[in-house]
Every structure is written in C-alpha cells, then in structure tokens.
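The structure appears below as structure tokens.
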Amino acid sequence: MVRSHAPIPYNPVERIRALRVLREVHRRRKKPSLEVTYRTVNGSTCGPYYVARWRRDPRHKHGRTLYLGKPENESVSFVEWLVSLDRREVLELARHLMRNLRSVLKTLLTEVSDLPYKKARWVLARGLALAFDARPSESPRIRDLLEELPDRLESFAVRTLGGWPAHYSSYLRKVIHHRGKSLDEKHEVPDVGLEFQRWKLQRG
C-alpha cells in the first residue's frame with residue numbers, strides 16, 4: 001500500500017505525472033534521479049524546472065526524461081520523496097500502482113465506451129489519476145485493457161501515461177517549422193503519430 005505520509009499529489013495532472021514516473025520505475029526496475037534543468041526562450045533563460053531521469057543501461061539502450069515542472073509542483077515533492085526510499089520499497093510501490101492502474105482502466109472501459117470523444121478523454125484523464133486510490137486488480141494486463149479502448153482513446157491513454165520520449169518534442173517542432181503553408185495560407189498540422197513512427201525509424 002501507498003504509505004499514508006507519502007506526499008501524494010492532490011491535483012489530477014500532478015498525480016498523472018507521478019504515475020508516469022512509477023510506470024517507468026516498474027518498466028526499468030530502477031529509481032530515477034531528480035534533476036534540475038533550464039530552458040532558453042528567445043535568448044532568456046527560464047527555470048529552474050525539475051525532471052525525473054533514467055540513464056541508459058545494458059537493458060535499455062535509450063535513457064528517459066519525464067518533465068515535472070516548477071519546484072513547487074506536487075510531483076516534484078513526490079519524486080523527491082521517492083528517491084529517498086530504498087530501491088526495494090520503490091519497486092513495491094510501483095508494482096502496487098500498476099495493479100491499481102489495471103483496476104482503474106477496467107472500470108473506465110465501461111464508462112467511456114459510449115461517450116463523445118472529448119467527454120471520454122476528460123473522464124479517462126481524471127480516472128487515470130485515481131490509480132493512487134483504487135483497489136488493486138490482478139488481471140488482465142494493462143496492454144490488454146488499452147487495446148480494448150477505442151483507437152483514439154487508446155492513443156490518448158498511451159500518451160497520457162507514457163509521454164513522448166526525450167527529444168521527440170524538439171523533433172516535432174522542427175517538422176512544424178519547416179512545413180510549408182497549404183493553399184489556404186494556413187500552416188499544415190503534421191500527423192503526430194506518423195511523424196513519431198518516422199522519428200523512431202531514424203533513431204534505429
């Protein structure tokens with residue numbers, strides 16, 4: 001169980017950030033490091049911002065960075081607490097949350113199936129944040145449940161839980177910047193999913 005004194009985020013968006021971190025812990029079987037980063041916008045340096053980071057290792061040839069945001073964000077406090085724990089405790093917490101997530105997805109499947117897309121996406125996003133409070137479920141697997149969602153909602157859930165890999169967003173900005181204008185003088189919007197597949201192929 002999640003400890004009662006754990007700084008679990010209250011805000012749904014912050015909860016999903018914390019859940020994404022634990023999902024990556026579960027996948028990689030190791031704790032992240034909490035690091036500070038800065039951004040340069042139009043010549044001005046902005047920050048500090050915090051990220052949870054995993055370096056590449058023999059099992060994973062690519063590292064992973066998950067954005068947490070400003071120092072006062074609840075997800076930053078949560079990850080700060082997380083990295084202070086013993087590795088065994090962190091892995092147990094991640095395993096527990098993944099069981100809870102299965103339970104949440106199983107419940108949400110019945111709730112969102114008949115809703116309009118925008119409403120279903122709203123329910124799904126906030127429902128995922130409830131994984132910290134859900135009763136755990138042993139089966140089925142998360143992947144099986146995701147595949148039962150309508151196509152557009154499955155894509156949304158995967159993006160919400162996993163986020164894009166590090167550096168993909170900068171690649172996408174370049175695609176948008178170099179994309180010519182269409183006949184009606186409006187900027188073309190790239191197919192994000194298609195561009196993501198191209199990006200993965202380029203990286204080998």
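The values are calculated or read from the model by the stated rules, or taken from the named source; none is laboratory data. Since we're looking at a predicted model, the values are computed, not measured. Cβ placement follows ideal geometry from the backbone for every residue including glycine, while neighbour counts extend to all protein chains displayed. Just so you know, the surface numbers come from the protein's heavy atoms only, side chains and all, with ligands and any DNA or RNA stripped out. Shrake-Rupley method; radii C 1.70, N 1.55, O 1.52, S 1.80 Å.
Tabulated values for the structure
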{"item": "Three-way shape call for the range 29-87 based on the alpha-carbon gyration tensor, with the a/c threshold at 1.5", "result": "oblate"}
{"item": "Residue pairs, from the table LYS31/LYS70; LYS30/LYS106; LYS61/LYS118; LYS30/LYS70, whose Cα atoms sit over 29 Å apart", "result": "LYS61/LYS118"}
{"item": "Heavy-atom accessible area order for LEU85, LEU22, largest first, 1.4 Å probe", "result": "LEU85, LEU22"}
{"item": "Neighbour net charge for PRO71 - beta-carbon separation under 15 angstrom, K R +1, D E -1", "result": "-2"}
{"item": "FRET efficiency for ARG135 and ASN42, using Cβ-Cβ distance with R0 set to 45 Å, rounded to 0.05", "result": "0.40"}
{"item": "FRET E, pair ARG28, TYR117, Förster distance 30 Å, beta-carbon r, rounded to 0.05", "result": "0.40"}
